[in-house]
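These notes are about the structure you will find just below.
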Amino acid sequence: MAQIDQLDPELGASLREKYAIVGVGETEYVRGSGTTTRAMAVRAVRNAMADAGLEPGQVDGMLSYSGMDSTLSTFVSSDLGIRLNFYMDVLGGGSSTEALIGIAMGVIEAGMCETVAIFRSMNGHSQTRVGGTGARAVAPVVSEFLHQRSYGWQSPGQLFAPSFLRHMYDYGTTPEQVAHVKVAHSHHASNNPKALYNNRVTVDDVVGSRMICKPLHLLDCCVETDNATAIIVTSAARAKDCRQVPALIRGVVGRVSKPRADLHYETGPISTVAGHYAAPRLWRNADVGPEDIDVTGSYDAFTFTTMLQLEDYGFCKKGEGGDYVSNGTIFLGGKRPNNTSGGHLCEGYTHGVSMVVENVRQLRHEADDSCPIGPDGKRQHTYDYSEGGCRQVKDAELSANLGWATPGTGSALVMRRGA
Amino acid sequence: MSKLTNETIVADYLGMTLQVDSLDNENQAYFAHCAAHNFHLQKCDDCGLIRYPVGTACAWCASGNFTWTPVEGKGAVHSYTEVAHAIQPAFKPYVPYMVLVVDLDTQKGAPTEHEALRVFGNLVTPDGVLAPPEAVASVGIGSRVRMVFTDITDGLAMPQWTIDEDAEQPGSPWRYPE
Ligand SMILES: [Zn+2]
């Protein structure tokens, strides 16, 4: 039997552009939703169904993920009058989105259902703090975590930081270079009326903000918010009957891991992340390369996660991520903007669904900025990216989402604008 | 081999409840060695490789057969973080504290070039207390460290790292630029 790493170039083509994202929806990004994860999930899925033009009887699959901090598909579907032919609620955090999109394609392909709504709902500020404070800080330290949390090493930032610092050591990457990720995303958020933080910041603001754990300053870290987000996946054939221009799924990879994914530090280089292993399969499945992509959604739990993934998926040479994120490329108006919504650093935190939502809107040429809406109901984009202005990427045809769970695990998705 | 003789260990350490479950045979054995101030790791009986952290089978050959083996607690800092904003309240008096990822000298670069036994721990004083700021400021990538233990309770001590006073230190270990 051939080794798994020997990719067959022919495989991966069979489902290319056979499935699409036809609906996206969310709740507002707030600190203090004043409601349950169930209520938020229902609103987000309902918004996505309305966006797609789907009735309850036209959705029959549901997928969600959580860290045991959220509602379940059975409650959400019941509230929406949806009878399910398939559902699963899985454990997962960042990078679950792209993986569940692949699973949705698979279950539809298997004939198990026709149309799948995927949601993530979290009171990430007012109930379960992802940063590890609150309930998670007082839980007993057991089993594997005796080798981590016991050392005051428990939040995502603390756990990932040795990889980030090692990248600086291995390649000379500077805090100022990486700070440009926050600067770019803050510019994008300033043109996103939904964003929690819509003020533009500078490199000095980032490296001058208080240190959390080296090399992460406060502004290198994402925000914690209460929010739900949803996307709807169906076949390209069914997509023709939906309201929106479909975002065709060209290729997906899900939860690709480094060796020793438990904490990844035993197998170096520790400045290399899961994207290194995911990239060949992603580009094989999508039959395009990084150079073809118009807009990226590289997960920004931290400024460094965006940089590391862009590098390991091949948007620049290994070690040149610091230059790539600071040379203007990732800004609106640059060659390949990243996280045009402002992402988790600025718009709000929703464990990655929002970055796919944003790229779907980009491919529709319907970024929900402040540009005027014309008589045809479509936004008349100005492509003036100054503060408060447009955030639509001109003629966006191909997008890539790079989801991050940990340095050791990630997922990715390539979409193309449909007809 | 499973034992039914373990007791669940529960102890407080810096405001956290550390718990080694009675069924967690591997961690029970690991921490019992640490409590005796011996560092033992699991060595695969089939391929001979030593593994860290504690696991139930070999990370390279999947064998379930292993022997606890003494390992020298010496190495060099591979990477680290320095925490200024503690999450656990009881760590706050010690900030900035350091979490080290240390390449053991034993089995470094095996079985492949970029692999090593990378053992976690805080930078501590020789008697196992989180290190003061001046010690933290002197340590970076490349610093030579040796293992010491922080005693928690019967059957439980945590392996930690302290500056190896007897080792030749790099002229200036790499640190995050101030
Ligand atoms: Zn073995």
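Mean separation of Cα pairs under 8 Å and 6 or more residues apart, divided by the residue count, gives region B:9-163 a relative contact order of 23 percent. Using a cutoff of 8 angstrom between alpha carbon atoms and counting only pairs six or more residues apart, the relative contact order for chain A works out to 24 percent. Extending 7 Å from Cα along the Cβ direction at A:ALA13 and again at B:THR125 yields two label points whose distance is 6.9 nm.
Accessible surface computed residue by residue for chain B, with neighbouring protein chains in place and a 1.4 Å probe, gives 43 Å² per residue. Only beta bridges with both residues in chain B are counted; by DSSP, about 95 percent of them are antiparallel.
Checking an interface number: how much accessible area is buried between A and B, summed over both chains, with a 1.4 Å probe, in Å² rounded to 100? Can you show the working numbers first?
Values: alone 16490 and 9580 Å², together 22280 Å².
Its buried surface, counting both partners, is about 3800 Å².
Using only the C-alpha atoms, the convex hull of region A:252-305 corresponds to 105 Å³ per residue. Put simply, the C-alpha atoms of the protein assembly as shown give a gyration tensor, and the ellipsoid matching it has half-axes of 42, 26, 23 Å, longest first.
With a simple spin-label model that places each label point 7 Å from the Cα along the Cα-to-Cβ direction, the separation between A:ILE373 and A:TYR171 comes to 4.2 nm. The Cα center of region A:197-262 and the Cα center of region B:94-138 differ in position by 32 Å.
Projecting label points 7 angstrom from Cα along Cα→Cβ for B:THR17 and A:ALA261 puts them 3.1 nm apart. Normalised by the number of residues in region A:193-295, what is the relative contact order in percent for Cα pairs under 8 Å and 6+ residues apart? In percent, rounded to a whole number, it is 17.
Straight-line cross-link partners of A:LYS317 among the aspartates and glutamates, defined as a Cα under 15 Å from its Cα and at least 8 positions apart when in the same chain: A:ASP170, A:GLU291.
Taking the Cα centre of chain B as the origin, how large is its charge dipole in debye, to the nearest 20, when only Lys and Arg (+1) and Asp and Glu (-1) carry charge on their Cβ atoms?
Values: 10 positive and 22 negative charges, 45 e Å.
Using Cβ point charges on Lys, Arg, Asp and Glu, chain B gives about 220 debye.
Straight-line cross-link reach from A:LYS240 at under 19 Å between alpha-carbon atoms covers these lysines, not counting any fewer than eight positions away in the same chain: A:LYS18, A:LYS378. Straightening the chain between A:MET112 and A:LEU72 buys 12.5 nm, computed as 0.36 nm per residue apart minus the Cα-Cα spacing.
Centroid-to-centroid, using Cα positions, region A:361-419 and region A:159-181 are 28 Å apart. Quick check: at a probe of 1.4 Å, how many percent of the accessible area of chain A sits on carbon and sulfur atoms? The value for chain A is 51 percent carbon and sulfur by accessible area. I need the shape label for region B:9-163. Rule: rounded when a/c is under 1.5, else prolate if a/b > b/c, else oblate, with a, b, c from the alpha carbon gyration tensor. Judged from the Cα gyration tensor, region B:9-163 comes out oblate (a/c at least 1.5, b/c at or above a/b). For region B:34-146, carbon and sulfur atoms together expose 54% of the accessible surface, with a 1.4 angstrom probe and every protein chain in place.
Pairs from the table (B:LYS43/B:LYS74; A:LYS182/A:LYS258; A:LYS182/A:LYS335; A:LYS258/A:LYS318) lying more than 19 angstrom apart at Cα are A:LYS182/A:LYS258. Among beta bridges identified by DSSP and lying wholly in the protein assembly as shown, the antiparallel ones come to about 80 percent.
The values are calculated or read from the model by the stated rules, or taken from the named source; none is laboratory data. Computed from a predicted model, the values in this text were never measured in an experiment. Neighbour counts run over all protein chains shown; Cβ positions are idealised from the backbone, glycine included. All accessible areas refer to the heavy atoms of the entire protein, side chains included, with ligands and DNA or RNA removed. Shrake-Rupley method; radii C 1.70, N 1.55, O 1.52, S 1.80 Å.
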